[in-house]
Structure formats: C-alpha cells, structure tokens
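**Student:** Once you've had a glance at the structure underneath, I'll fire off some questions.
The values are calculated or read from the model by the stated rules, or taken from the named source; none is laboratory data. Every value quoted in this text rests on a predicted model; they were computed, and no experiment measured them. Reconstructed Cβ throughout: ideal geometry from the backbone, glycine too, with neighbour counts over all protein chains shown.
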C-alpha cells in the first residue's frame, strides 16, 4: 500500500475554562494526521496529535514541525524509525491510530466490538474541575443527578480545608457503598506535608488519589505508597519515560497501588498495553484516561478500552468539554460512555 499523508490543525475551545493545578485552559491546539491509500482513495486513516501544554513532553513549539517531518517521510516512502519520535508520544499515538484507521473498515471504526455496535457502554467517572467551593459542589450535584456513581475531583487549586469540606459534604449525602470518589492532586502536595494530608483524606473512604506529589521524587513517592492510608495512583510519573527498562524500574521502586494510562502521553495504545502487562504481573491495578483529546482521539482510546473487558471506571468523559468538537456517535448517559452506530461522524470539518 502506498500512503499519502497530510495534517490539519484545529484549535479546540473549552465550553468553560478548565482549571488544573497548572493553570486555566481556555483553548487547546490539536493536529489531525490524515493518511490516504493512493491506490484506493476511499481508504483513509485519521490520528489525533493532542499534547497538553505544561504536561506533555511534546507540547513544544516544534511539535508542528515534527508532525510535518513525519508527513514528509510518509510521502517520500521513507522508513519511519520509532526512536526519532521517542520524545513525541502524541505524534506516535496519532500515527499509530491513523494507521489503524487506514487498515480498518472505516477511519473511525478501529476496534469493532459490542461497544461500537451500541450494545454496551463503558463505565466512566464524572470529572469535577478545580474552582471555587461553590463551583465544585455545583458540578458534583450535576454529575450525581446525571447518574454517575464514580466522581473524580481535581484538588490542589484552592485551600485544602475547603477541599476537605467538599468531600465531607459529599460523603454526608452519599456513602462509599453508593458513590466511589477518586481525587487527583496533580502533584500539588509537597513531599513534606503529603502524608499528613493523606491521613486527613482517609476518613472519606476514597478509592484512590492520583499523583499526590510531583513526579521524579522516587524515594518520596515510594515512601508514600508504603505508608499512605489512601491507595496511590501514578499518573504524571509515567510520562516522559521512553526507555522500557525504566518502566519496570519505576514500578519496582515505587510499588504503587494503581497506574493511570493516557495513550496520548505515553506513546500510544501499544505502549499502554505494555504498561498494563507490567502492572498486572506485579499486582498493580490500572485504568485508562483520555487527555483532553477531541472526539477523534477519544474514539480511538474508547474503542480500544472496550476490547479490554474491564469493569473498572475509566476516565473517558471529556468529549463534551469543547464548543467546537468533531461531531461523533460518542455520548455519555447515566455514568457510561456509549457509541451510537446510527449517528454519522462529521469528518469533513477535519479537512477545513
């Protein structure tokens, strides 16, 4: 098969400012890598390159240039050497999924399953963004009313006492038997006060806390995982490690209770599957999270997750965040992500 490649850029606009521990996001640039079969014009693959500013290794000014280099190599029929893109996991994910689409029945039907048939949904957590206490509580009420039985709260942006009050108010209404709560600190705690904070959080019967301290503090994180009364999930800790031997070293050193897999930030689906294999051999739990992709990237991740047959709550509910997302069959209902096979994709807007 002779391939022709191109890419287009889209600036995604958030419906409302998205508060993270790294600041407020109002918009986000993504690139769509488009592959065509020159001998069969009807065959097409679309992959999304969507790094997160301040977090992704490849959220740098030369990302577009790197994407262009990949396009040139494909068009000149040159060998794609994976190591050339080791520091660009979002590019690797985009290329991997574009290839998958090019060789699939359609560019958006990558992993046919009961999910893509509309027969089953994927259980997901409701995401509560950082903000004022009233804003966060309003989100909690809306998610619970919408049927979510697992909530993930971003913490670390307002004062810790207010965040404890929010958790207290939730637990007063919804015990752990009715509502699973996860929190994500995005490294906001200091290594000095992290354990003290975790000891205050344990009373709320949390499922887990993501990345309580900044990544790269292996000995401090190991100590936390050994002593924390709240199970710890590694998130940012996995990002930017391209040497696979280092993956095993990280897991064996820190020994977390969970790891969180973001294909856009880890270098794709194959890389994420390798992380899963390493984790399961060590009795470490896991779940998959989207990373502010548009519906193109979210679709690839969701269809893949559906094939894993996991019943754990996944972090895949970010499709409604953008005012100008790609229209797709993906939708959320009663705490599940669904795919409506009767609804058409709006792929024309990608080429605009």
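**Student:** Go over the candidates 270, 348 one by one and state the one that is assigned to a helix (DSSP H, G or I), at pLDDT below 95, surrounded by fewer than 19 Cβ atoms within 10 Å (Cβ to Cβ) and on the phi < 0 side of the Ramachandran plot.
**Tutor:** Only one candidate passes the filter, namely 348.
**Student:** With 229, 263, 256 as the choices, which residue is more than 27 Å from residue 322 (Cβ to Cβ), touching a helix residue (DSSP H, G or I) at 6+ places or on another chain (Cβ under 7 Å) and crowded, with 24+ Cβ neighbours inside 10 Å?
**Tutor:** Within the list 229, 263, 256, the selection yields 256.
**Student:** Taking the residues in the range 73-92 that are assigned to a loop (DSSP other than H, G, I, E, B) and under 24 Å from the mean Cα position of the chain (by Cα) as candidates, determine which candidate is surrounded by the most Cβ atoms within 10 Å (Cβ to Cβ).
**Tutor:** My answer is 88.
**Student:** Please tell me if residue 172 is in contact with a strand residue (DSSP E or B) (Cβ under 8 Å, 6 or more places away or on another chain) and either free of Cβ contacts under 8 Å to residues at least 24 places away in the same chain or surrounded by fewer than 16 Cβ atoms within 10 Å (Cβ to Cβ) (or both).
**Tutor:** no
**Student:** Sticking with this structure for a sec: Quick one: how many residues across the range 93-137 are in contact with a helix residue (DSSP H, G or I) (Cβ under 7 Å, 6 or more places away or on another chain) and in a loop (DSSP other than H, G, I, E, B)?
**Tutor:** So the count comes out to 8.
**Student:** Select from the range 52-70 the residues that are under 25 Å from the mean Cα position of the chain (by Cα), under 19 Å from residue 99 (Cβ atoms) and modelled with pLDDT of 85 or more and list them in ascending order.
**Tutor:** The answer is 66, 67, 68, 70.
**Student:** Examine the range 310-323 for a residue that is farther than 28 Å from residue 280 by Cβ and assigned to a strand (DSSP E or B), and state whether such a residue exists.
**Tutor:** Yes: the range 310-323 contains one or more residues that are farther than 28 Å from residue 280 by Cβ and assigned to a strand (DSSP E or B).
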